[in-house]
1. Only counting other Cβ atoms within 10 Å, I'd like 161, 280 sorted with the fewest neighbours first.
2. Report the gain in length on full extension from residue 249 to residue 218: 0.36 nm times residue separation, minus Cα-Cα distance, nm rounded to one decimal.
3. Could you calculate the FRET efficiency of residue 343 with residue 156 from 1/(1 + (r/R0)^6), where r is the beta carbon distance between them and R0 is 41 Å, rounded to 0.05?
4. Run the simple label-point estimate for residue 163 and residue 113 please: 7 Å along Cα→C-beta, distance reported in nm.
5. 7 Å from Cα along Cα→Cβ at both residue 266 and residue 237: what's the point-to-point distance in nm?
6. Quick check on the stretch 107-256: what does the Kirkwood estimate of hydrodynamic radius come out to from the alpha carbon pairs, in Å?
7. Only bridges whose two residues both fall in the chain count here: according to DSSP, what percent of them are antiparallel, nearest 5?
8. Which translational diffusion coefficient, to the nearest whole µm²/s, is obtained for the stretch 199-247 from the Stokes-Einstein equation, given a Kirkwood hydrodynamic radius over C-alpha pairs, 20 °C and 1.002 mPa s?
Ligand code: CP3
């Protein structure tokens, strides 16, 4: 059976424009909170294929999105490379021993060995594929090497990225060594996700905007393209979505073999269409906070539809849904996207 989401990623005509939401499996759903409580904490939930499968399917069943996204986290990659990941309540992710020098990089587990430790992710994918309806797609994902490296170097989230940037400008070789080692693991990790059954790949470069335009290709984009091209060569039928958040100043320089470009909420869809719409299918890009108001949601969906006009487009938010959004409003967003784009 054909999947409307996969068809849309490949630029084929579909009965309506498919929709999903970044971070759709999460805390705004009471059903998610119940399963997380049973698991004890967030990482236990990631490590438990049965429970991770259950929360992956929740937004498909409850909110009506056209694709499921694997429930996991980008930071399980550095965790399995030997960095000790924890989530501190109210403070977010933490690594106790951030990377500061060559010896720290040498100690990291690399390549096949690291990718092989993520078996719980592949087991989750296999379970999801058994349960997901044939007409819905499953999205697998990774963080971009740069976004992963920011946590590995800073040891946590950061507002200024000063430790990474000190390395970028004063010891770029060291930063490239980290990025290259992560890229190698990510290639094999995504390959194993594909072999386990995902239908589409998304690469999240959530912290792209921390890098100046002149340096973005060198420290992030070229590694994302290397991953995409490795996968495209071996699995040309699997669509790849690139989501670099907040870099419209780089749009003129975007290149590479992938299918869909994710547009963040601060970039006008008109601009993305003009610069990239002929080369890539565009995904996005409602401002996630519009979900607090049904009227603001409908107005944005109608505007995005008027720009994209059901051509080479996938509806999404321009970043993740927040935990205090009413479920009813998320449902409204999804049904409005399907309504305005339905072909008569
Ligand atoms: O999209 C989905 O529904 C699938 C699951 C998913 C999670 N994280 C679950 C999660 C995905 C795709 C991610 C990606 C991720 N993780 C990114 C890139 C995407 C983005 O939003 O920019 C980043 C930067 C991370 C790192 C991360 N994980 C942070 C900074 C945090 C804490 C911040 C927060 O939102 O609380 C997490 C934790 C996390 N990952 C949660 C979920 C549902 C919340 C954990 C909980 O249940 O308490």
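1. 161, 280
2. 9.6 nm
3. With a Förster radius of 41 Å, E is 0.30.
4. It is 2.4 nm.
5. 4.0 nm
6. Kirkwood radius, the stretch 107-256: 16.2 Å.
7. Antiparallel: roughly 20 percent of the beta bridges in the chain.
8. In µm²/s, the coefficient is 188.
Taken together, the values in this text are just the output of simple stated rules run on the coordinates, not laboratory data. No experiment lies behind these values; they were computed from the predicted model shown. Note that each Cβ is placed from the backbone with ideal geometry, even for glycine, and that neighbours are counted across all protein chains shown.
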